[in-house]
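First up is the structure itself, then whatever we jot down about it.
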Amino acid sequence: MIATSGQVRVSLVSLGGVVLGGMLSYLVQHRTQRSAERAEQQRQQTALSETRCAERLALLERFIEVSAEAERCAYTRPSDWEDTDTWYLTTRDVMYRFWVADRLIRIQFPPPVHDAAHAHFLDLNRTVWEGLPDGESVRDYLEGNRSAFLDAARAVMG
């Protein structure tokens, strides 16, 4: 009977070792899996952040390009024009693209950036369609809100 009870103890100790080893193996695998999931989430977050940054930069570039086109329209604005004039047809297309770029800035950027961009858009829109009083410079009139927009964009882009 003593031999049997010794065999039972050895079997129980052996079974305990197997259970303990299995639990430790499970814990290691579980922690490894969670660590891999966190690393994958971090990688995806970084990739998304880089993609959004590239999208924002492309939007800024688009806004600045069409803004420059609109400024050229303001500089070349004739004192009198008709709906059939080449200047009007070109300017209408440019201002439409500028309007779209302004709305895209609103979607992708925080309010301070859009507010500055929209103020610049309104200045340019007014200058293009209504002109400026005699003696007032297009460049000087547009400089304040253009600079405010560029400064706000730079602050957000880091």
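The values are calculated or read from the model by the stated rules, or taken from the named source; none is laboratory data. What you see is a predicted model; the values in this text were computed from it and never measured. Note: ideal-geometry Cβ built from the backbone for every residue, glycine included; neighbour counts use all protein chains shown. Accessible surface areas use protein heavy atoms only, side chains included; no ligands, DNA or RNA. Shrake-Rupley method; radii C 1.70, N 1.55, O 1.52, S 1.80 Å.
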Pick from Glu61, Glu69, Glu82: which residue has the top mean-square fluctuation in a GNM of the chain where Cα pairs under 10 Å get a spring? Glu82
Whole-Hz couplings from phi, Karplus 6.51/-1.76/1.60, listed for the range 149-158; x for Gly and Pro: 5, 4, 5, 5, 5, 4, 4, 6, 6, x
Jot down the radius of gyration and Dmax of the range 63-121, Cα atoms only, both in angstrom. 12.9, 39
How much of the accessible area of the chain, in percent, comes from carbon and sulfur atoms when a 1.4 Å probe is used? 57 percent
Taking the structure as given and computing Cα extents along the principal axes in Å, which label from [x] 42, 29, 29; [y] 118, 30, 16; [z] 50, 28, 25 fits? [y]
Between 0 and 90°, nearest 10: helix 111-130 axis offset from the chain longest Cα axis: 20 degrees
Calculate one ³J(HN,Hα) per residue across the range 85-102 by plugging θ = phi - 60° into the Karplus curve 6.51 cos²θ - 1.76 cosθ + 1.60, and present them in order as whole Hz with x for glycine and proline. 5, 4, 4, 4, 4, 5, 5, 4, 5, 4, 5, 5, 5, 5, 4, 5, 4, 4
What nm value, rounded to one decimal, do you get for the distance between Ala47 and Thr84 when each label is placed 7 Å out toward the C-beta? 5.7 nm
Measuring from label point to label point, each 7 Å out along Cα→Cβ, what is the Ala39 to Val156 span in nm? 3.5 nm
Counting only Cα atoms, I'd like the Rg/Rh figure for the range 1-68, Kirkwood definition for Rh. 1.69
Over the chain, the sum of -39500 (n - 2.57) across DSSP H runs of at least four, divided by residue number and rounded to 500 deg cm²/dmol, gives at 222 nm -31500 deg cm²/dmol
Which of Val19, Val128, Val100 moves most in a GNM of the chain, Cα contacts under 10 Å? Val19
